[in-house]
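Working notes, beginning with the structure itself.
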Amino acid sequence: DPIGKQQQWIPQFLVNKSVECLNRDECRTPMLWSNKPNAGFCTQNTVPWLPIAPNYKTINVEMEQDNPNALLNFYKKIIQFRNNNKALQIGSFEVATDLCNSHVLAYYRSYQNIKFLILLNMSKHIQQITAHGSIVMSTHNISEKNTLYPYEGKLIKL
């Protein structure tokens with residue numbers, strides 16, 4: 001835990017009183033495998049050292065496997081797409097400064113004659129952008145080329 005290692009000189013009693021998070025444990029949970037006790041992470045008689053997320057009965061690997069719109073399957077899809085595209089693995093990186101603003105991060109990944117535009121809306125507001133090419137993938141089920149919905153990520157092939 002890099003944060004914890006950097007702050008290990010602070011006495012534990014001060015860490016406990018701090019409102020700041022000095023390690024990542026406060027935002028972690030064991031893997032939510034199923035809706036079984038302890039989210040299927042460990043046996044029912046075992047007490048995990050981190051608390052199980054309270055939503056484990058509705059959000060877990062077992063529940064998401066068959067849902068094509070689930071986050072789990074989106075990750076599988078985008079990882080597979082990346083693994084099959086050299087531009088996204090070893091391609092050059094260029095910030096799309098004409099599309100970036102205080103809410104949108106935009107960049108290109110290119111390799112040989114293949115080029116992708118990656119758009120990330122970092123805000124809770126819709127952002128209008130001008131993009132060319134075709135949408136390959138989006139974090140949102142419905143997506144329009146020139147609209148970035150709140151917190152949407154979009155991959156466009158140019």
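Worth a mention:
- Selection within region 50-67: residues that are aliphatic (A, V, I, L, M) and under 9 Å from residue 32 (Cα atoms). The member of this set that is farthest from the chain's Cα centre (by Cα) is 52.
- Of all residues in region 37-81, those satisfying the criterion of being open to solvent by less than 40 Å² (accessible area, probe 1.4 Å) and among the polar types (S, T, N, Q) are 38, 60, 73.
- Taking the criterion of being open to solvent by 70 Å² or more (accessible area, probe 1.4 Å) and on the phi > 0 side of the Ramachandran plot, the only residue of region 124-158 that qualifies is 151.
- Taking each residue of region 129-158 that is in contact (Cβ under 8 Å) with a residue 40 or more places away in the chain and under 21 Å from residue 85 (Cβ atoms) and looking for partners that are among the acidic types (Asp, Glu) and open to solvent by less than 60 Å² (accessible area, probe 1.4 Å) with beta-carbon atoms closer than 7 Å, six or more apart or interchain, yields 139/152.
- Selection within region 88-106 - within 20 Å of the chain's Cα centre (by Cα) and open to solvent by less than 50 Å² (accessible area, probe 1.4 Å): 88, 100, 104, 106
- Test: residue in region 107-123 that is open to solvent by 30 Å² or more (accessible area, probe 1.4 Å) and under 30 Å from residue 58 (Cβ atoms): yes
- Some residue of region 3-18 being touching a Lys or Arg at 6+ places or on another chain (Cβ under 8 Å), open to solvent by 40 Å² or more (accessible area, probe 1.4 Å) and either modelled with pLDDT under 90 or under 30 Å from residue 158 (Cβ atoms) (or both): yes
The values are calculated or read from the model by the stated rules, or taken from the named source; none is laboratory data. Being a predicted model, the structure only gives us computed values, none of them experimental. Don't worry about glycine lacking a Cβ; one is built from the backbone with ideal geometry, like all the others, and counts go over all protein chains shown. Surface accessibility is based on the protein's heavy atoms, side chains included, excluding ligands, DNA and RNA. Shrake-Rupley method; radii C 1.70, N 1.55, O 1.52, S 1.80 Å.
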